[in-house]
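To start, the structure under review is shown below, and the notes come after it.
The values are calculated or read from the model by the stated rules, or taken from the named source; none is laboratory data. Computed from a prediction, not measured in an experiment: that's the story for all the values here. All Cβ positions, glycine included, derive from the backbone under ideal geometry; neighbour counts span all protein chains shown. Surface areas here come from the heavy atoms of the whole protein model, side chains and all, with no ligands, DNA or RNA. Shrake-Rupley method; radii C 1.70, N 1.55, O 1.52, S 1.80 Å.
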Amino acid sequence: MNRLIVATIAIGLLVDQHGGAHGQLAVNVLAWAVLARLWLVSAPAQRPALLACLVYATAGEVFLSLVWGLYDYRLGNIPLFVPPGHVLLFYLGTQLAPRLQDGAEWWIAALALPIVAGLAWAGRDTLGPLLYALFLACMALSRSRRLYATMLVLSLAMELWGTWLGNWTWRHEVPWLGLVTANPPLAAGAFYAALDLLVVSTVGGRRRQLPASPILTPSTASHQAATCSARSSSR
């Protein structure tokens, strides 16, 4: 599933940009198909978190792109592959985050700081410190620090690929705030940290508790068996 998600995002963005009239349609179908497969191999207890992630990601796209105007997609729309793409990338992050060594999340945060500060000092990304502050706030509020550090790196990789291809572009001048940003901002992963807190709060409220990053954390033998079966069939 991890390799399938990486291929879907990496190749999908390429097809969206260079696939002609039907390129985006093909990527839309692919992204939703992969998300459907992920839903099927997930334990029922994890599906509410998947759904919450999808809903919040869609609302976030509408606000950040169409209302706030932080970035624009190449056709002026929100491609239908974007909301499921956020869920897929987040799932990938939940699978990679446990592999980080103890303390690595703080090293990632520390390495990002001088870059964010340097870009702000040079006047190239004055929005960056605000995003970085949001990232640190989420790190302080949640036990899912490894996940947030992982998403900071994963989202930056996706942002660099998508903006280089031209699938979307971050506006240099940030509406409402009088700031500027890079294309892409280094700390864009802060939005994923905030997304996780929203999902955790929603699912935790539904279950009368506050779990840590409930998105597809394997908790049952049946889910693990289903996941192993899916991985075997994808090889």
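In the chain, helical runs assigned H by DSSP with n ≥ 4 each contribute -39500 (n - 2.57); averaged across all residues and rounded to the nearest 500, the mean residue ellipticity at 222 nm is -21500 deg cm²/dmol.
Taken about its Cα centre, region 1-134 carries a charge dipole of about 280 debye when Lys and Arg each add +1 at the Cβ and Asp and Glu each add -1 at the Cβ. The listed residues 113, 35 rank as 113, 35 when sorted by accessible area, largest first, using a 1.4 Å probe.
To put it simply, the accessible area of region 78-200 at a 1.4 Å probe is 68 percent carbon and sulfur. When you restrict to C-alpha pairs under 8 Å that are six or more residues apart and normalise by the size of the chain, the relative contact order lands at 28 percent.
Here the chain is assigned +1 on the Cβ of each Lys and Arg and -1 on the Cβ of each Asp and Glu. Its dipole about the Cα centre then comes out at about 760 debye. Accessible area per residue for region 39-93, computed on protein heavy atoms with a 1.4 Å probe, is 38 Å². Only one residue of 21, 2, 152 has its Cα farthest out toward the positive end of the dipole of the chain, where Lys and Arg carry +1 and Asp and Glu -1 on Cβ, and that residue is 2.
Only four residue types carry charge here, +1 at the Cβ of Lys and Arg and -1 at the Cβ of Asp and Glu. Report the dipole size of region 83-186 about the Cα centre in Debye, rounded to the nearest 20. Roughly 160 debye, rounded to the nearest 20. Relative to the 2.2 N^0.38 Å rule of thumb, region 110-175 has a C-alpha radius of gyration ratio of 1.20.
Pairs of Cα atoms nearer than 8 Å and 6+ residues apart set the relative contact order; for region 1-120 it is 27 percent.
Taking a ≥ b ≥ c as the square roots of the eigenvalues of the Cα gyration tensor, the chain is oblate, since a/c reaches 1.5 or more and a/b is not larger than b/c.
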